[in-house]
Amino acid sequence: MALLKIDQDKCLGCGACVDACPFGALAMVDGVIEVSDACTACGACLLSCPMHALSLLKEQKPELAIDLTAYSGVWVWVEQFRGEMGDISMEMLGQGRMLADRRGVPLTACVMGHEVGHIVEKAISYGADRVFYADDPTLAVYRTAPYARILIDLAREYKPEALILGASSRGRDLAGSVASLLHTGLTADCTSLEIDPETGLLLQTRPAFGGNIMAAIVCPHHRPQMATMRQHVAEMPVADPNRRGQVIAVKAVLKEEDITTRVVDSILEKDEVSLADARIIVSGGGGVGGPEGFKTIRLLADALGGAVGASRSAVDRGWISYAHQVGQTGRTVRPDLYIACGISGQIQHLAGMKTSRIIVAVNKDPKAPIFSVADYGIVGDLFEVVPELAAQFRERLRR
Ligand SMILES: Cc1cc2nc3c(=O)[nH]c(=O)nc-3n(C[C@H](O)[C@H](O)[C@H](O)COP(=O)(O)OP(=O)(O)OC[C@H]3O[C@@H](n4cnc5c(N)ncnc54)[C@H](O)[C@@H]3O)c2cc1C
């Protein structure tokens, strides 16, 4: 059965789709594209065609098609580190709750660890209706194999329609392993999630093409629909300690001797920057002019008790370390106050800070794009404006 339709009137015979097909299912025969049985309707060829001559037929390969109606409910993986639930998991539970409510389905949390029953209670207070709790010494420290095995088995048995994980280093690692073994799609590093209440299709938005566009990605033919989501792009939900939920104990699948990785030691890196937790961030960009310029930025950050952030332009030039970088390839932050000084406001920077509660921009160019997201804009030279702001804040905070 053909899965791909080619509009021969539009096709130029350029062969771009032949190169784009990861399954070698397309061939050029006498100037005409032919589709073989190897086509899986993955859609990789569609964007390659300059004439938009390709379209997918609705049917999927019968052996690949799954019964989507068998999948229901939204799941969140709740991450723990040294027995504590991270803020990122609370945000994911808030997102999961929102998606589950839109769909009218329950929210399930998956908690794995050793003697972390308090996290189960916390997951319920943050919105879970049901918690799968796997408590075992093999799960005390995160390791891919035992965690993935449990999540995969649970997903195969209970069939969730969506599975969301925080885009932490552990979440990213686990999500990739689970998605590939469940043969489903995974959108990494989402900046927003929505769900179609009727179809249950998860709309997974993330920056694409170097951050120049925001792509909404869907996974129409496979389940669960899987996404990792960045920290600080979603609202932190409010816990309700009176919420009640169902707790289902789950056994660890792998024994210690089945697990080939051993954690020999773990050393916590001292993150002196701590942008993730800062309520106030003062950031400097290309306009700061050099490493010395960050002294001016720090002056204001110190006056406000905030942290110093930076654009990639400043980091790439070696003026300040990468730990300070805010943006698509740096940290995503959501402080109460973000003051951008000498930062133009390119989309890749905005991706990391635009959900800050109040944004103040200081830039000498009145047309700088940063002003389009700023609540307050000051057009002027940062070397005049910032020391003045620091002095005024210091004076007022002293009173
Ligand atoms: C794949 C990819 C990922 C990226 N990831 C990130 C990321 O994570 N974070 C990030 O920030 N960027 C990222 N970038 C880079 C991004 O596209 C921009 O190049 C970068 O953000 C520009 O930094 P900037 O605005 O500080 O510097 P510039 O473009 O140099 O702008 C300097 C600004 O300062 C103003 N200015 C100059 N002097 C003064 C002064 N004395 N007083 C006041 N204003 C002044 C200017 O008017 C200008 O608006 C990424 C790019 C790509 C392609």
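FYI, it's all coordinate maths here, none of it is from the lab. Nothing here was measured: the structure is a model prediction, and the numbers come from that model. Neighbour counts run over all protein chains shown; Cβ positions are idealised from the backbone, glycine included.
Report the Cys residues of the chain lacking a disulfide-compatible partner, meaning no second Cys Cβ under 4.7 Å from their Cβ.
Cysteines of the chain left without a disulfide-compatible partner: Cys11, Cys14, Cys21, Cys39, Cys42, Cys49, Cys110, Cys190, Cys219, Cys341.
Let me make sure I get this right: for the stretch 180-224, a, b and c are the square roots of the gyration tensor eigenvalues over alpha carbons, sorted descending. Under 1.5 in a/c it's rounded, otherwise prolate if a/b > b/c, else oblate. Which is it?
On the way: a/c = 2.59, a/b = 1.34, b/c = 1.93.
Because a/c hits 1.5 or more and a/b fails to exceed b/c, the stretch 180-224 counts as oblate.
Once a ≥ b ≥ c are taken as the square roots of the eigenvalues of the Cα gyration tensor of the chain, is the result rounded (a/c under 1.5), prolate (a/b larger than b/c) or oblate (a/b not larger than b/c)? All intermediate terms of the calculation are to be shown ahead of the outcome.
Values: a/c = 2.18, a/b = 1.27, b/c = 1.72.
Oblate.
Is there a quick way to get the dipole size of the stretch 1-88? I mean about its Cα centre, with the Cβ of Lys and Arg at +1 and of Asp and Glu at -1; what is the value in debye to the nearest 20?
The dipole magnitude comes to about 100 debye.
Could you calculate the FRET efficiency of Ser48 with Glu256 from 1/(1 + (r/R0)^6), where r is the beta carbon distance between them and R0 is 51 Å, rounded to 0.05?
0.60
Which whole-number percent gives the relative contact order of the stretch 285-399, counting Cα pairs below 8 Å spaced six or more residues apart? Mind dumping the intermediate values first?
Values: 201 pairs, mean separation 28.5, N = 115.
The normalised contact order for the stretch 285-399 reaches 25 percent.
How would you classify the stretch 275-398 from its alpha-carbon gyration tensor, with a ≥ b ≥ c the square roots of the eigenvalues: rounded for a/c under 1.5, else prolate if a/b is greater than b/c, otherwise oblate? It would help to have the intermediate numbers written out before the result.
Values: a/c = 1.23, a/b = 1.21, b/c = 1.01.
Rounded shape, in that the Cα axes give a/c under 1.5.
I want the antiparallel fraction of DSSP beta bridges within the chain, as a percent rounded to 5. Write out the running numbers ahead of the final one.
Numbers: 18 of 65 bridges.
About 30 percent, rounded to the nearest 5.
So, R0 is 25 Å and r is the distance between the beta-carbons of Ala70 and Asp19; what FRET efficiency does that work out to, to 0.05?
Working: r = 37 Å, r/R0 = 1.46.
Efficiency computed from Cβ-Cβ geometry: 0.10.
Compute the relative contact order of the stretch 68-258 as a whole-number percentage, counting only Cα pairs closer than 8 Å that sit 6 or more residues apart in sequence.
Details: 431 pairs, mean separation 54.2, N = 191.
Contact order relative to length: 28 percent.
Treating cross-link reach as a plain straight distance, find the aspartates and glutamates whose alpha-carbon is under 18 Å from the alpha-carbon of Lys255, omitting any fewer than eight places away in the same chain.
The qualifying aspartates and glutamates are Glu115, Asp135, Asp136, Asp153.
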